[in-house]
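Student: A single structure is presented below for examination.
Bear in mind these aren't lab numbers, they're just calculated from the coordinates by the rules spelled out. Fair warning: this is a prediction, and the values are worked out from it, not measured in the lab. FYI the Cβ positions are ideal-geometry reconstructions off the backbone, even for glycines, and counts take in every protein chain you see.
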Amino acid sequence: MVCLMCRLFVVSIFLIVGSAFAGVIDHLKKIDSKPSGHSIPGIDYIYVINLDQRPEKFKMTIDQLEPYGIHPYRFSAVNGWELSLDTINDVGVKYAPGMRGNFMATTYSPLLEEVPHDELISQYGRTYFCHCLSRGAIGIILSHLSVLKDAYESGYDTIWVMEDDIDVIQNPWDILDRVEELDSTLGKENWDILFTDRDIRDHEGKYVPASGYPMRPNYHPSNFRELCKNYCITKNIRRVGARFGATSMIVRRSGMKKILDFYSKYDAYFPYDIDFHVPPGIKLFTVTQDIVSNKIDALSDNGCPFYKDKTN
């Protein structure tokens, strides 16, 4: 009886504390107004995510796309290095009874000073992220979700989302051919995301494939086999269950909703490119030949705010 009362007390305290947290969706960045001219036939709007502190990266992106008459909208990225601890602790996973625990994770608890702390997941009510998730990576999550929320609320059916480290491999207008090919092969309602590269490339230019899903405290895919899918549906398009990298992607309205619904329910824990392939029912595809991929050895502020060093 005493044990039962203690458990009820712990749960009630957690619910009271947890109710003060807003959740990841409430911390997304709003776009007050967007100019026209940032679309192409078949794509309602084109976004490029770029930190205010990295104008040179946006210029490199524009310089590659402008010769093709493609003019993306610059979305001012959420700078994770400038987020308050309150915000960080709002957007992550609050550990609660019934969740998986006792494995290594990272917390930004104000009680542990303003530095990330690695520990076994064990403290109810404390916010956790996957081991070593940086502030920069948290900013990337919020940036991508902010774009998706803006696009969904704007009523767009199809958008193109890029990060500012793209590498244009071949004519980007070929992407529209792949979109039409997907539509004609599967139907518009049967795909959510088309990545414009086969896989992300490492610093040597080698592809880094992905499959499966690591442990999350509050979510486990119901059909793990789905994440291991990897086969061609045409000579130009491949079905995948998981992948790394979010450099350049065509997102349908259905995909926007599935990702936003997932984060609304489960909050942020892994880097964006580990969580975007697990929302229930999401259908991911890639091209088989790179069209727009990631720039090899691009400047990155994900793990550290290198923009503060003027030599970078």
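Student: Could you work out the relative contact order of the range 79-140, using alpha carbon pairs under 8 angstrom and six or more residues apart, expressed as a whole percent? Don't skip to the end; give the middle numbers.
Tutor: Working: 101 pairs, mean separation 26.5, N = 62.
Reported relative contact order: 43 percent.
Student: What is the gain in length, in nm to one decimal, between Asp309 and Glu180 on full extension, counting 0.36 nm per residue of separation less the C-alpha to C-alpha distance? Write out the running numbers ahead of the final one.
Tutor: On the way: separation 129, 0.36 × 129 = 46.44 nm, distance 4.41 nm.
My answer for the length gained is 42.0 nm.
Student: Based on Cα coordinates alone, diagonalise the gyration tensor for the range 91-250, multiply each eigenvalue by 5, take square roots, and list the semi-axes in whole Å, largest first.
Tutor: Working: eigenvalues 230, 66, 56 Å².
Equivalent ellipsoid of the range 91-250: 34, 18, 17 Å, largest first.
Student: Moving to a separate point now. Can you tell me how the chain classifies by the Cα gyration tensor, rounded, prolate or oblate, using a/c under 1.5 as the rounded cut? If you can, show how the numbers build up before the last one.
Tutor: Numbers: a/c = 1.92, a/b = 1.53, b/c = 1.26.
In terms of gyration-tensor shape, prolate.
Student: Below 8 Å between Cα atoms, with a sequence gap of 6+, how large is the relative contact order for the range 207-266 in percent?
Tutor: Working: 42 pairs, mean separation 18.5, N = 60.
Relative CO of the range 207-266 lands at 31 percent.
Student: What is the distance in Å between the Cα centres of the range 244-296 and the range 167-201?
Tutor: So the separation of the two Cα centres works out to 13 Å.
Student: Right, next: May I ask for the net charge around Ala105, where only other residues with Cβ less than 14 Å from the Cβ of Ala105 are counted and Lys, Arg are +1 while Asp, Glu are -1?
Tutor: Values: positive: Lys94, Arg100, Arg126, Arg216; negative: Asp118, Glu119, Asp267.
Its environment carries a net charge of +1.
Student: With an 8 Å Cα cut-off and a minimum separation of 6 or more residues, compute the relative contact order for the chain in percent.
Tutor: Values: 576 pairs, mean separation 69.9, N = 312.
The value is 22 percent.
Student: A further question on this structure: Modelled label-to-label distance, Ser122 and Asn236, 7 Å Cα→beta-carbon offset: nm?
Tutor: For Ser122 paired with Asn236, the spin-label model returns 5.6 nm.
Student: Rounded to the nearest 500, what is the 222 nm mean residue ellipticity of the chain from helices alone, with -39500 (n - 2.57) per DSSP H run of 4+ residues and division by all residues? Walk me through the numbers before you get to the answer.
Tutor: Values: 7 runs with 85 residues, N = 312.
Calculated from helices alone, the mean residue ellipticity at 222 nm is -8500 deg cm²/dmol.
Student: Suppose the chain between Lys206 and Glu153 were pulled fully straight at 0.36 nm per residue; how much longer would it get relative to their current alpha carbon spacing? Could you put the intermediate results ahead of the total?
Tutor: Values: separation 53, 0.36 × 53 = 19.08 nm, distance 3.74 nm.
Taking 0.36 nm per residue and subtracting the Cα distance, the gain is 15.3 nm.
Student: Also: Taking a ≥ b ≥ c as the square roots of the Cα gyration tensor eigenvalues, with a/c under 1.5 meaning rounded and otherwise prolate when a/b beats b/c, else oblate, which class fits the range 155-312? Mind showing how you got there, number by number?
Tutor: On the way: a/c = 1.59, a/b = 1.11, b/c = 1.43.
It comes out oblate by the Cα gyration axes.
Student: Also: Where a ≥ b ≥ c are the square roots of the eigenvalues of the C-alpha gyration tensor, would you call the range 170-246 rounded, which needs a/c under 1.5, or, failing that, prolate if a/b is larger than b/c, or oblate?
Tutor: Working: a/c = 2.34, a/b = 1.32, b/c = 1.77.
Oblate, because a/c is 1.5 or more while a/b does not exceed b/c.
Student: Also, quick follow-up: To check you understand DSSP bridge types, tell me what percent of the beta bridges within the chain (both residues inside) are antiparallel, rounded to 5. Don't skip to the end; give the middle numbers.
Tutor: Details: 29 of 42 bridges.
In the chain, approximately 70 percent of DSSP beta bridges are antiparallel ones.
Student: Quick check on the exposure proxy: order Val91, Val78 from fewest to most C-beta atoms within 10 angstrom. Walk me through the numbers before you get to the answer.
Tutor: On the way: Val91 26, Val78 22.
Ordered from fewest to most neighbouring Cβ atoms within 10 Å, Val91, Val78 come out as Val78, Val91.
Student: Relative to the first principal axis of the alpha-carbon coordinates of the chain, what is the inclination of helix 174-186, with its axis defined by its Cα atoms, in degrees from 0 to 90 and to the nearest 10?
Tutor: Rounded to the nearest ten degrees, it is 70.
Student: Ser146: net charge of surrounding residues, Cβ under 9 Å, Lys/Arg +1, Asp/Glu -1, itself excluded?
Tutor: Numbers: positive: Lys29, Lys30, Lys149; negative: Asp150.
Taking every other residue near Ser146 into account, the sum is +2.
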